[in-house]
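A.B. asks: The structure that follows is given in the form of structure tokens.
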Amino acid sequence: MQLPQIRLQSTMAKIAIETVPAKLEIQQPPAELEIEQSPARLTIRTTPSKLTIDQTKAWEDMNLEHIFRRIEKFAEQGYNDWLDGLARVSRQGDELMRIEDGGNPIAEQAKENSETPMYEFNIGWVPSPFSVHISYTPADVDIRFEARKPVIRARTHPPVIRYTPGEVAIRLAQRPSLHIDVVI
């Protein structure tokens, strides 16, 4: 015995999905930057140093003084010698005036006038110690510095953003079907 058969033939539904991806474009224009830097101001004031060396006394000790000083010194010495001679002649005249008081003033005066005086001399240093005078004034430096701040101007630009949204398209690519046959 043959039984009737039922044949089922089905087709599944198919879905098609099509996508267009989203696009994002970002551009950042550079900022505009201006910087001005004024130069710093530097001022330096210097008072020069001063060195003074006075050798006048040392040259005088070595008998090598300046001609004007030598003339002045000899004139002063001549004047003093003249005063001493005047005093001596006056004293000797007074002694001769009082010759009656006794003694032998003529012989004593002759001896005094004919002998050279004895000069004393001990150890000497030429030139004498500390005869050169040195004075020094150091230099004075005044430094002044004035810094100036920079002037900065900046302009920013916002970013340029372009966005294209994505798309999704869903459709039925294949319809479902069911085919039924009966076979006897």
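The values are calculated or read from the model by the stated rules, or taken from the named source; none is laboratory data. The model shown is predicted, which means the values in this text are computed figures rather than measured ones. Cβ sites come from the backbone with ideal geometry, for glycine too, and all protein chains shown count toward neighbours. What goes into the accessible areas is simple: the full protein's heavy atoms, side chains included, and nothing from ligands, DNA or RNA. Shrake-Rupley method; radii C 1.70, N 1.55, O 1.52, S 1.80 Å.
A.B. asks: Kindly provide the pair-distance distribution of the stretch 89-154 built from C-alpha pairs, with 10 Å bins from 0 and whole-percent values in order of increasing distance.
C.D. replies: Final binned percentages: 12, 17, 11, 10, 12, 8, 7, 6, 5, 5, 4, 2, 0.
A.B. asks: OK, next. How do the peptides 33-45, 81-93 rank, highest first, by the average count of neighbouring beta carbon atoms within 10 Å per residue?
C.D. replies: Most protected by this proxy first, the peptides run 81-93, 33-45.
A.B. asks: At 1.4 Å probe size, with no ligands or nucleic acids counted, give the accessible surface of Lys50 in Å², nearest ten.
C.D. replies: The value for Lys50 is about 130 Å².
A.B. asks: Along its principal axes, what span do the Cα atoms of the stretch 50-184 show, with the longest given first and each in whole Å?
C.D. replies: Sorted largest first, the three principal extents are 209, 35, 26 Å.
A.B. asks: Hey, another quick one. Using only the Cα atoms of the stretch 122-163, what are the Rg and Dmax in Å?
C.D. replies: 36.0, 116
A.B. asks: Taking loop as defined by DSSP and a crowding limit of 16 other beta carbons within 10 Å, which trypsin sites (Lys or Arg not before Pro) in the stretch 112-184 fit?
C.D. replies: Taking the stretch 112-184 and a limit of 16 other Cβ atoms within 10 Å, the loop trypsin sites (Lys or Arg not before Pro) found are Arg148.
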